[in-house]
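Have a look at the structure that comes next, please.
The values are calculated or read from the model by the stated rules, or taken from the named source; none is laboratory data. This one's a predicted model, so the numbers in the text were calculated from it and none came from an experiment. Heads up, the Cβs are rebuilt from the backbone with ideal geometry, glycines too, and the neighbour counts pull from every protein chain shown. When the accessible area is computed, the model is the full protein with side chains, heavy atoms only, and any ligands, DNA or RNA have been set aside. Shrake-Rupley method; radii C 1.70, N 1.55, O 1.52, S 1.80 Å.
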Amino acid sequence: MESDLRSIGELARDSGLSVSALRFYDGADVLAPARVDPRTGYRWYAPEQLADARLLARLRRVGLPLADIRAVLGAAPGGDAARRVLDAHLRRLEHGLADARRELSLIRRLIDQRENPMTATPVEYRCTVPARALAEALDAVRFAVGSDPELPVLSGVLFDLDGGLLRLVATDRYRMALAEVPVEGPAADASAAAIVPTALADALRALLGSGSGAGTAELVLDGTAVGVAVDGHRIEGVALGHDYPDYRALIRLDPVRRVGLSAADLREAVASAPTRTLPSGPDGAACEVAVLAVDEAGRLTVAAPAADASDPDALRVAVNRDFLLEALPAGAPGQLVLELGGPIAPLAIRTPEHPGTFSVLMPVRLPA
């Protein structure tokens, strides 16, 4: 009965949402009215929709994305789907706050340098890191360093000291590699970063040697220079004078599906699978593209891009085949975890034995 329905104005008053917001959420298929007057277009809502409207108002206040709001309101009662969405959003907020604090610390430093250009001196940060871990981290990211002369900011390895971790990051826009190294010392809780040029990064790796023995390396960062000392030997050089792109969003991907398999099996499957040549490499160069697909049962297949799909429900992503092979640990017998988010989301490749080390490949858009 219409007498049991609430008008849009009444629902707005009782829920904390404006009338315009209710109209927007109707159009966005988030909260549709129970009845729309066919003559006037006026919206009426059922009494039980007040609870959804109040929940929607709260979700809106915490900045939940529209797709996530839709998922929470549409979640089946008694399940944990809605809670998973909220937990993921809380993690994003916490990460965002940590990033904001770090950026504000750097901003204060830049303000000091601008206001006192004659007296401001770079702050030097010293810490110690396991020599073997630093060597392995350099090995894990070196393949992704950019070589485009038009993008000198990417022609090195980012050394990012942040909250007790040293992150090494490299990217050429088409893939990214990241490795984490624990740090100790006075600067363990500091925030500092320097882009180490490729030649200097290779020299640092040579200084570390095989990395098979125990021991530590002393690392010095001051934003303009970097130095590493191991067993009485020291090497240092000037850092690149650029601001590195923000990489943090890519390390917090929310995958739709994960699949575990051995590195050897994946390498064999990728190397033997058919591919298709597309102009999707750096600067539009031709490259071999393969499609990774994971079905509902978690089975992975690697195939050439094709218009027809044997399993329309499988989650797919197309990638540069050579980039994928380079991202796989050479000769590694261990397990890998692939994280897929869909055809336009990056593919993440993780190593469970080293959770802080992983690669990300940008997807290749397939022609229609």
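On the protein heavy atoms, probe 1.4 angstrom, tell me the percent of accessible surface of the chain carried by carbon and sulfur.
Carbon with sulfur: 54 percent of the solvent-accessible area.
Next question. Relative contact order of the chain: what whole-number percent is it, with Cα pairs under 8 angstrom and at least 6 residues apart?
The normalised contact order for the chain reaches 11 percent.
From the list (i) 159; (ii) 123; (iii) 212, can you say which value of volume of the Cα convex hull per residue in Å³ was derived from the structure given?
Step by step, volume of the Cα convex hull per residue in Å³ for this structure corresponds to label (iii).
Sum -39500 (n - 2.57) across every DSSP H segment of at least 4 residues in the chain, then divide by the residue count to get the 222 nm mean residue ellipticity, nearest 500.
On the way: 9 runs with 113 residues, N = 368.
Mean residue ellipticity at 222 nm (helix-derived): -9500 deg cm²/dmol.
Solvent-accessible area per residue for segment 1-127 at a 1.4 Å probe radius, Å²?
Per residue, segment 1-127 has an accessible area of 67 Å².
Given the Cα-Cα distance of residue 4 and residue 57 and 0.36 nm per residue of separation, how much length would full extension add, in nm?
Contour length minus the Cα-Cα distance gives 16.8 nm.
Roughly what would the spin-label model give for residue 366 and residue 102, points 7 Å off Cα along C-beta, in nm?
Rounded to a tenth, the inter-label distance reads 3.6 nm.
A further question follows. Leaving out ligands and nucleic acids, note down the accessible area per residue over segment 185-285 with a 1.4 angstrom probe, in whole Å². Don't skip to the answer; put the middle values down first.
Numbers: 5120 Å² over 101 residues.
That works out to 51 Å² per residue.
First check a/c for segment 1-159, with a ≥ b ≥ c the square roots of the eigenvalues of its C-alpha gyration tensor; if it is under 1.5, answer rounded, and if not, answer prolate when a/b is larger than b/c or oblate otherwise.
Prolate is the answer for segment 1-159, as a/c is 1.5 or above and a/b outweighs b/c.
If you don't mind, another one. Please list, by residue number, every one of the chymotrypsin sites (Phe, Trp or Tyr not before Pro) in segment 22-64 that is coil in DSSP and has at most 16 other beta-carbon atoms within 10 Å. Intermediate results must be reported in sequence, preceding the final value.
Numbers: sites: 24, 25, 42, 44, 45; in loops: 42.
Here the sparse-neighbourhood loop sites are 42.
Going from most exposed to least, what order do 354, 89 have by accessible area with a 1.4 Å probe?
Of 354, 89, the descending order of accessible area is 354, 89.
Then there is this: Assigning unit charges at the beta carbon (Lys, Arg +1; Asp, Glu -1) and nothing else, what dipole magnitude in debye, to the nearest 20, does the chain show about its Cα centre? List each step's numbers first, then the result.
Working: 39 positive and 49 negative charges, 169 e Å.
The dipole of the chain has a size of about 820 debye.
Nearest 0.05, what FRET efficiency do residue 36 and residue 238 give at R0 = 56 Å with Cβ-Cβ as r? Don't jump to the answer; show the numbers that get you there.
Values: r = 67 Å, r/R0 = 1.19.
Between residue 36 and residue 238 the formula returns 0.25.
Rank 195, 111 by accessible area, highest first, at a 1.4 Å probe radius?
111, 195
Which residue, chosen from 73, 88, 18, occupies the Cα position most advanced towards the positive end of the dipole of segment 1-126, where the dipole is computed from +1 (Lys, Arg) and -1 (Asp, Glu) charges on Cβ about the Cα centre?
Projecting each Cα onto the dipole axis, the largest value belongs to 88.
In nm, what is the difference between 0.36 nm times the number of residues separating residue 19 and residue 84 and their Cα-Cα distance?
20.4 nm
Please determine, in degrees from 0 to 90 and to the nearest 10, the orientation of helix 49-61 with respect to the longest principal axis defined by the Cα atoms of the chain, where the helix direction is its Cα long axis.
Value to nearest ten degrees: 30.
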